[in-house]
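**Student:** Please read through the structure below; I'll follow up with questions.
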Amino acid sequence: MRSIIINREFLVAMATSKFTLRLRSLALLAVAMFTACSNETPTAEQPALTPPETVVVYSARAEQLIKPLFDAYTARTGVTVQYTTDSEQPLIQKLLAEGQTTPADLLLTVDAGNLWYAAEEGVLRPVQATTLENNIPAHLRDPEKQWFALSVRARTIVYDTREVSPTELNDYADLADEKWRGKLCLRTSAKVYNQSLVAMLIAQFGEPRAEEIVRGWVANLATDVFPNDTKLIEAIAAGQCEVGIVNTYYFGRLQRENPDIPVAIFWPAASTGGVHVNVSGAGVTRHSSNPDGALALLEWMSTEEAQRLLGGENLEYPANPSVAADSMVLGWGSFEASPMNVAAAGENQAAAVRLMDRAGYR
Ligand code: FE
């Protein structure tokens, strides 16, 4: 009901400011043409090409995930969102290289390790935002308020339903037990998802115990590590191994294609530390020329309307706990996430990489 009322108000506002909007469109077109003709990074002498009504986002999330979201924001507010998509590291390097001349107002990326790194490199700024603090649980946001989770991704255990009973499963540490010798599949340690997982194990158990666990995993491997989660799940379905660790959305995609896939999800219990979660999230850039606009967009992304668009699109879970997850519909049940702050994934990432190397996890 509320959204209908707001929509009506917006339509009235649109009608009364049609002329202004038309002028704004022309200005934007001119800016777009100028930018398209110029391969140069804007210099200090000509930085303010972007009108303040526009928010510029550097996004490591794919266009098909963010476009519906930004379109909805534009429809609601009249604010234009321009975006550049790339992998997270190139985007952070771009922000560093551009410094004060960056056109970007907001950085949107996946993995707490990447968000933490962006903050460490000084490309984000702390913000005061009660809405964000109300909508996003404390363990899913930066204690320094430089970034906030927007969606939650669960990295959990999957198993072969023909060979394994869920009663045999326990937690991540249990996959190091010798009862799983020759039965475990893992994705490469080069992927940040596994670096974050091991970083969180360090936070939970301390480094010596975390190393013991990783060594146990390596001893239990059925085959070489996989380049991605999808191949790993397919290997379980093919009977190559019986257990593995993946992000649930990869499993969801395969399950949508093949509802009879003989693989299921297992959620480690809260009593054993809960499910390892990671996030996608965003922060306002240090040198944003429109920090208020960036913050308004970020705050909106934490609200119910945006959370539905964001999580559902990629089978992720909403970061805002008051929004029910569509993924529940897939019949996976609910889970208890690890209560540890995901920032530890960044803080312990270098230690995790060294640990996995020592343990022979490739
Ligand atoms: Fe992924």
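**Student:** What spacing in nm lies between the two simple spin-label points modelled at Asp357 and Thr188, each 7 Å away from Cα in the Cβ direction?
**Tutor:** Label at Asp357, label at Thr188, 1.6 nm between them.
**Student:** Also, I was wondering about something else. So who's got an amide H within less than 5 Å of the one on Leu150, skipping anything under 5 residues away but keeping other chains? H placed 1.01 Å off N, in plane.
**Tutor:** Here the answer is Ser280, Gly281, Ala282, since their amide H atoms fall under 5 Å of that of Leu150.
**Student:** Further, regarding this structure: Given the protein chains as shown and a 1.4 Å probe, how many square angstrom of Lys94 are accessible, to the nearest 10?
**Tutor:** For Lys94, solvent-accessible area is about 80 Å².
**Student:** In segment 148-211, which trypsin sites (Lys or Arg not before Pro) fall in coil by DSSP and have 11 or fewer other Cβ atoms within 10 Å?
**Tutor:** Details: sites: Arg153, Arg155, Arg162, Lys179, Arg181, Lys183, Arg187, Lys191, Arg209; in loops: Arg162, Arg181, Lys183, Lys191.
The qualifying sites are Arg162.
**Student:** On a 1.4 Å probe surface of the protein chains, which of Phe266, Phe148 comes out largest in accessible area, and what is the full order?
**Tutor:** Values: Phe266 35, Phe148 0 Å².
So, going from the largest accessible area down, we get Phe266, Phe148.
**Student:** Return the sequence-ordered ³J(HN,Hα) values of segment 154-160 in whole Hz as given by the Karplus equation 6.51 cos²θ - 1.76 cosθ + 1.60 applied to θ = phi - 60°, using x for Gly and Pro.
**Tutor:** 9, 10, 10, 8, 10, 9, 7
**Student:** In terms of Cα to Cα distance under 20 Å, which aspartates and glutamates are near enough to Lys179, apart from those fewer than 8 places away along the same chain?
**Tutor:** The qualifying aspartates and glutamates are Asp160, Glu163, Glu168, Asp171, Glu211, Glu212, Asp224, Glu242.
**Student:** Of Thr188, Thr167, which has the most accessible area with a 1.4 Å probe, and how do the rest follow in descending order? Walk me through the intermediate numbers first.
**Tutor:** Values: Thr188 30, Thr167 125 Å².
The ordering from most to least exposed comes out as Thr167, Thr188.
**Student:** For the pair Gln93 and Arg76, how long in nm is the line joining their label points, each one 7 Å along Cα→Cβ?
**Tutor:** 3.5 nm
**Student:** Output ³J(HN,Hα) for segment 83-100: one whole-Hz value per residue in order, computed from phi by the Karplus curve 6.51 cos²θ - 1.76 cosθ + 1.60 with θ = phi - 60°, and x for Gly and Pro.
**Tutor:** 3J(HN,Hα) across segment 83-100, in whole Hz: 9, 10, 10, 6, 6, 4, 5, x, 5, 5, 5, 5, 4, 5, 5, 6, x, 5.
**Student:** Here's a follow-up. Using a probe of 1.4 angstrom, how much of the accessible area of segment 232-313 is carbon and sulfur, in percent?
**Tutor:** On the way: 1280 of 2790 Å².
Solvent-exposed carbon and sulfur of segment 232-313 make up 46 percent of the total.
**Student:** Here is a further query. What is the Cα centroid distance between segment 305-324 and segment 235-253, reported in whole angstrom?
**Tutor:** Each part reduced to its Cα centre gives a spacing of 23 Å.
**Student:** So, in nm, how far is label Thr161 from label Ser334 when the simple model puts each one 7 Å beyond its Cα toward the Cβ?
**Tutor:** My value for the distance between the label points is 2.3 nm.
**Student:** Pull out a ≥ b ≥ c, the square roots of the eigenvalues of the alpha-carbon gyration tensor of segment 45-195, then state rounded if a/c is under 1.5, prolate if not and a/b is larger than b/c, and oblate in the remaining case. Display every interim value, and only then the final one.
**Tutor:** Numbers: a/c = 2.42, a/b = 2.17, b/c = 1.11.
Prolate shape, in that a/c is at least 1.5 and a/b is the bigger ratio.
**Student:** For the full complex of protein chains and a 1.4 angstrom probe, list Val225, Val164 by accessible area with the highest value first.
**Tutor:** Val225, Val164
**Student:** Now a separate question. Which entries in Lys94/Lys191; Lys145/Lys231; Lys191/Lys231 show an alpha-carbon gap greater than 25 Å? Intermediate values should be presented prior to the final figure.
**Tutor:** On the way: Lys94/Lys191 21 Å; Lys145/Lys231 37 Å; Lys191/Lys231 14 Å.
As for pairs spanning more than 25 Å Cα to Cα, those are Lys145/Lys231.
The values are calculated or read from the model by the stated rules, or taken from the named source; none is laboratory data. Please read these numbers as outputs of a predicted model, since none were measured by experiment. Methodologically, a virtual Cβ is constructed for each residue, glycine included, from the backbone with ideal geometry; neighbour enumeration extends over all protein chains shown. What goes into the accessible areas is simple: the full protein's heavy atoms, side chains included, and nothing from ligands, DNA or RNA. Shrake-Rupley method; radii C 1.70, N 1.55, O 1.52, S 1.80 Å.
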